[in-house]
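Below: one structure, written as structure tokens.
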There are 2 protein chains.
Amino acid sequence: MSNKQIKIRDVAMAAGVSESTVSRVLSGNKRISEKTRQKVMKIVDEMGYRPNAIATSLARNRSNSIGIVIPDSDNEFYSTTFFQEALRGISTVVSDNGYDVLISSGRPDEVTALKELVARCKVDGVILMRSHIKDQSIRFLHESKFPFVLIGTSVEYDDVYSVDNDNFGAAFELTKHILGQNRRNIAFIGGGSNFVYTMERLRGYEKCIESNGAELRKEYVRLDIDTVRKAYEAMSELLQLKRRPDAVIITDDTVCAGIMDSIRQNKLNIPDDIAVASFNDSLYNRLSIPPITSISVNSIELGRKAAETICRILSGDSVDIKNIRVDFRLLARDSTILNRLP
Amino acid sequence: MSNKQIKIRDVAMAAGVSESTVSRVLSGNKRISEKTRQKVMKIVDEMGYRPNAIATSLARNRSNSIGIVIPDSDNEFYSTTFFQEALRGISTVVSDNGYDVLISSGRPDEVTALKELVARCKVDGVILMRSHIKDQSIRFLHESKFPFVLIGTSVEYDDVYSVDNDNFGAAFELTKHILGQNRRNIAFIGGGSNFVYTMERLRGYEKCIESNGAELRKEYVRLDIDTVRKAYEAMSELLQLKRRPDAVIITDDTVCAGIMDSIRQNKLNIPDDIAVASFNDSLYNRLSIPPITSISVNSIELGRKAAETICRILSGDSVDIKNIRVDFRLLARDSTILNRLP
DNA sequence: CTGAAAGCGCTTACAG
DNA sequence: CTGAAAGCGCTTACAG
């Protein structure tokens, strides 16, 4: 491996052409004679020349990077595989389109970090990995008209490119599945109420309860349950109710353990005494005893679609759908299904 | 938000100084009069000027990015939180040092991806997230003398900067803990034998068995068990042995479920009939029933240390220790502990 | 302490 | 189809 960075000038001299010509060959410019093209390519290959990406970026005025902000630590995000799966989906697609992924630790806070990325021309576009009800990041990107795609849903703007599951529909279907197992007293334990998906799932649950003539009981709904401890407590309280729930839906699978603990502590059986259903289909859901019914959200696909969209936007291609839906799957497991034959 | 990118020239004009001066003020150059400094900073703040990172990079001949290659899909890596935790540690530290993290999907393969990062001057340094026994990536970076830090251990070179757990020691201690629980027939189920840590853990296990006068039985050791299915099969076979193991150590916690399944299928009790111990302390280990004894590897810290090291290297600071050890913790839980009082 | 000029390694109108 | 020149937005010897 030669130590010296080899430059376009070296290639030009070796090939006996101008730097412009080399540049044109490499960028696939059409009005170059086949002969010159071949000659140049030969030298390029021989010398192993690769254009300096930074110089290219400066000249072309585009970074060829897509920015992502790492979510805050300690929130539920990080114990889930959502982030890394989505990141994989993004990274693969984006790289096939000639972009890199630039990760910014969201310091000192997400909006500041985003402003820095934009102001310093570090990225051509941004993928936002989650949406709050009031979302400063969305607001900033939207107002500055900077290209971005949201994995999630914006409640403030309807002209934002986004990729999301149908959280309403998923919760609806999940609730329906449980009602179908002859449960009427279904509790709902939700994560942060500042997340759009939490509230969407709540809506789906409520709508389904209502439209099936079951009773919607306020005391069955608990929000902002975002730690295992809080989940344990919330569940314990639910189990004290005179009208004890016979099923529980958990929005945030990372706190499932608290739920399970509480149920066990109360010596109740799953699913006989109480059915349990969750979202995200984490390893924990799958491997739990009994396995927990869950909604699989297909994080990789969410990432892929978001990446495809931002790439299309940046290349000026038309994007047919502003709000892409990625299909979820309801995985019915023993935690909700009665009377399984052994 | 003004649409036009504001440049150093604009600041210079507004402040009535030269571009050089503005540049010097911003880069903290000392030989600038306090007065000019203040004047310039005032304008900078007013205009909200932020230097174009790409132009700076080109002029300074450094990208201010640290490269990371996303591990291949489908391998055990991705179901673990190791990657995302390490990434968080890296990202935080690196950003405090003025660098960004550039993620490369390892396409078409990791070495090619690395070569691209290096050849195109996209990153100043690289953090490698794992180490194989024969590792082309390490070899490439080492031979090209490109700055990098390894999370793991190099078996080929001893002059590589690396950050790792003491995998030998951890396995030794874990094995000792189990021997201390009056088990003599300890099986070992390891992940990919091409990973350094797998083999280090195997060594620690073997050494401990031997030095405690227990019998080292070849049929107790299974390697390359990297899927839940393989784990299930391997465990089932182990349980068929005439001399059935009374304990099992699993190198790769993501396949634990297969082990547990097999044990359950065989109607054996944990820990009475067989003790189970694992590594990585995943959520699954923690929340399993019974909870599984595990080695916590502190992924965030691995990431942090690796980041600190690469930053020191790049800034020319001395790095005292070439091979940094991050402490592990043995978390003894019910899966290995007999006769717990209820 | 400060400025004019050259340079970082590319790209791309412009002209031919 | 090809080249010379200007430019992308900074930094940094060099000179004063």
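How many residues does region B:293-303 hold that are in contact (Cβ under 8 Å) with a residue 60 or more places away in the chain and closer than 16 Å to B:Ala170 by Cα?
Step one: filter region B:293-303 for residues in contact (Cβ under 8 Å) with a residue 60 or more places away in the chain, giving B:293, B:295, B:297-303.
Now drop any that are not closer than 16 Å to B:Ala170 by Cα, which leaves B:293, B:295, B:297-299, B:302.
Qualifying residue count for the region: 6.
Of a type outside the set (S, T, N, Q), away from chain A (no Cβ under 12 Å), open to solvent by less than 20 Å² (accessible area, probe 1.4 Å) and touching a residue at least 60 places away in the same chain (Cβ under 8 Å), is that true of B:Val149? Show your work before the answer.
Values: of a type outside the set (S, T, N, Q): yes; away from chain A (no Cβ under 12 Å): yes; open to solvent by less than 20 Å² (accessible area, probe 1.4 Å): yes; touching a residue at least 60 places away in the same chain (Cβ under 8 Å): yes.
Yes; evaluated as a whole, the condition is true for this residue.
Given the conditions (1) charged (D, E, K, R); (2) closer than 17 Å to B:Ser296 by Cβ; (3) surrounded by fewer than 20 Cβ atoms within 10 Å (Cβ to Cβ), which single one is not true for B:Asp164?
Exception for B:Asp164: condition (3).
Looking at region A:3-18, which of its residues are touching a Ser or Thr at 6+ places or on another chain (Cβ under 9 Å) and near DNA strand C (Cβ under 7 Å from one of its atoms)?
Going residue by residue through region A:3-18, those that are touching a Ser or Thr at 6+ places or on another chain (Cβ under 9 Å) are A:3, A:8, A:12, A:15, A:17.
Correct list: A:Ile8 only.
Counting only residues that are open to solvent by less than 60 Å² (accessible area, probe 1.4 Å), within 23 Å of B:Ser63 (Cα to Cα) and more than 14 Å from chain B (Cβ to nearest Cβ), give me the helices (runs of 4 or more DSSP H) lying completely in region A:1-61 with at least 1 of them.
On the way: elements: A:8-15, A:19-26, A:34-47, A:53-60.
Output list reads A:19-26.
Residue by residue through region A:208-232, note down the ones that are open to solvent by 70 Å² or more (accessible area, probe 1.4 Å) and free of Cβ contacts under 8 Å to residues at least 12 places away in the same chain.
If the condition is that a residue be open to solvent by 70 Å² or more (accessible area, probe 1.4 Å) and free of Cβ contacts under 8 Å to residues at least 12 places away in the same chain, then A:Glu210, A:Ser211, A:Lys218 are the ones that fit.
Identify all residues within region A:62-86 that are at pLDDT 90 or above and at the interface with chain B (Cβ under 7 Å from one of its Cβ atoms); write none if there are none.
If the condition is that a residue be at pLDDT 90 or above and at the interface with chain B (Cβ under 7 Å from one of its Cβ atoms), then A:Ser63 is the only one that fits.
Based on this model, can you work out whether B:Ile68 counts as more than 13 Å from DNA strand D (Cβ to nearest atom), surrounded by 12 or more Cβ atoms within 10 Å (Cβ to Cβ), hydrophobic (A, V, I, L, M, F, W, C) and closer than 20 Å to B:Gly98 by Cα? Can you show your working first?
Details: more than 13 Å from DNA strand D (Cβ to nearest atom): yes; surrounded by 12 or more Cβ atoms within 10 Å (Cβ to Cβ): yes; hydrophobic (A, V, I, L, M, F, W, C): yes; closer than 20 Å to B:Gly98 by Cα: yes.
The answer is yes for B:Ile68.
Can you tell me how many residues within region B:151-190 are of a type in the set (Gly, Ala, Ser), under 23 Å from the mean Cα position of the chain (by Cα) and farther than 22 Å from B:Val126 by Cα? Even if it seems obvious, please write down each step before you answer.
From region B:151-190, those of a type in the set (Gly, Ala, Ser) are B:152, B:154, B:162, B:169-171, B:180, B:187, B:190; that's our starting set.
This time we only want the ones that are under 23 Å from the mean Cα position of the chain (by Cα), so: B:152, B:154, B:162, B:169-171, B:190.
Right, trim to farther than 22 Å from B:Val126 by Cα and you get B:169-171, B:190.
Residues in region B:151-190 being of a type in the set (Gly, Ala, Ser), under 23 Å from the mean Cα position of the chain (by Cα) and farther than 22 Å from B:Val126 by Cα: 4 in total.
Considering B:Thr36, B:Thr56, which residue is within 21 Å of A:Phe146 (Cβ to Cβ) and either within 11 Å of DNA strand C (Cβ to nearest atom) or within 43 Å of the chain's Cα centre (by Cα) (or both)? Spell out how you get there, then give the answer.
Values: B:Thr36 fails: within 21 Å of A:Phe146 (Cβ to Cβ).
Of B:Thr36, B:Thr56, the one residue that is within 21 Å of A:Phe146 (Cβ to Cβ) and either within 11 Å of DNA strand C (Cβ to nearest atom) or within 43 Å of the chain's Cα centre (by Cα) (or both) is B:Thr56.
Every residue, every condition in (1) in contact with a Ser or Thr (Cβ under 6 Å, 6 or more places away or on another chain); (2) closer than 20 Å to B:Lys122 by Cβ, yes or no:
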position	(1), (2)
A:Arg24	no, no
A:Lys39	no, no
A:Ala55	no, yes
A:Glu110	yes, no
A:Asp124	yes, yes
A:Arg130	no, no
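Across region A:196-240, what is the number of residues that are modelled with pLDDT of 95 or more, aliphatic (A, V, I, L, M) and out of contact with any Leu (no Cβ under 9 Å at 6 or more places or on another chain)?
So the answer is 3.
Can you tell which of A:Tyr205, A:Tyr197 is within 20 Å of the chain's Cα centre (by Cα), more than 14 Å from chain B (Cβ to nearest Cβ), in a helix (DSSP H, G or I) and touching a residue at least 40 places away in the same chain (Cβ under 8 Å)?
Working: A:Tyr205 fails: within 20 Å of the chain's Cα centre (by Cα).
The unique qualifying residue is A:Tyr197.
Among what's in region A:239-262 and is without any contact (Cβ under 8 Å) to a residue 60 or more places away in the chain and touching a helix residue (DSSP H, G or I) at 6+ places or on another chain (Cβ under 7 Å), pick the residue that is surrounded by the most Cβ atoms within 10 Å (Cβ to Cβ).
For region A:239-262, the residue satisfying everything is A:Cys256.
Results for (1) open to solvent by less than 10 Å² (accessible area, probe 1.4 Å); (2) within 13 Å of chain A (Cβ to nearest Cβ); (3) touching a residue at least 24 places away in the same chain (Cβ under 8 Å); (4) of a type outside the set (A, V, I, L, M), shown as yes or no for each residue.
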position: B:Asn266; (1), (2), (3), (4): no, no, yes, yes
position: B:Ile270; (1), (2), (3), (4): no, yes, yes, no
position: B:Phe279; (1), (2), (3), (4): yes, no, yes, yes
position: B:Pro291; (1), (2), (3), (4): no, yes, yes, yes
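Looking at B:Thr112, B:Thr92, which is the one that is surrounded by fewer than 23 Cβ atoms within 10 Å (Cβ to Cβ), in contact (Cβ under 8 Å) with a residue 60 or more places away in the chain and more than 16 Å from DNA strand C (Cβ to nearest atom)?
On the way: B:Thr112 fails: in contact (Cβ under 8 Å) with a residue 60 or more places away in the chain.
Every option except B:Thr92 fails the conditions.
For the subset of region B:19-33 comprising residues that are touching a residue at least 12 places away in the same chain (Cβ under 8 Å) and more than 40 Å from the chain's Cα centre (by Cα), which member is nearest to DNA strand C (Cβ to nearest atom)?
In the first step, residues of region B:19-33 are kept if they are touching a residue at least 12 places away in the same chain (Cβ under 8 Å); the result is B:21-23, B:25-26.
Of the ones still in play, those that are also more than 40 Å from the chain's Cα centre (by Cα) are B:21-22.
Working: B:Thr21: 3, B:Val22: 8 Å.
In this case the residue turns out to be B:Thr21.
Determine which single condition A:Val319 fails, assuming it passes every other condition in (1) part of a loop (DSSP other than H, G, I, E, B); (2) in contact with a His (Cβ under 8 Å, 6 or more places away or on another chain); (3) of a type outside the set (Lys, Arg).
If we test A:Val319 against (1) part of a loop (DSSP other than H, G, I, E, B); (2) in contact with a His (Cβ under 8 Å, 6 or more places away or on another chain); (3) of a type outside the set (Lys, Arg), just (2) comes out false.
The values are calculated or read from the model by the stated rules, or taken from the named source; none is laboratory data. Values in this document were obtained by computation on a predicted structure and should not be read as measured data. Note that each Cβ is placed from the backbone with ideal geometry, even for glycine, and that neighbours are counted across all protein chains shown. With ligands, DNA and RNA removed, areas are computed over all heavy atoms of the protein, side chains included. Shrake-Rupley method; radii C 1.70, N 1.55, O 1.52, S 1.80 Å.
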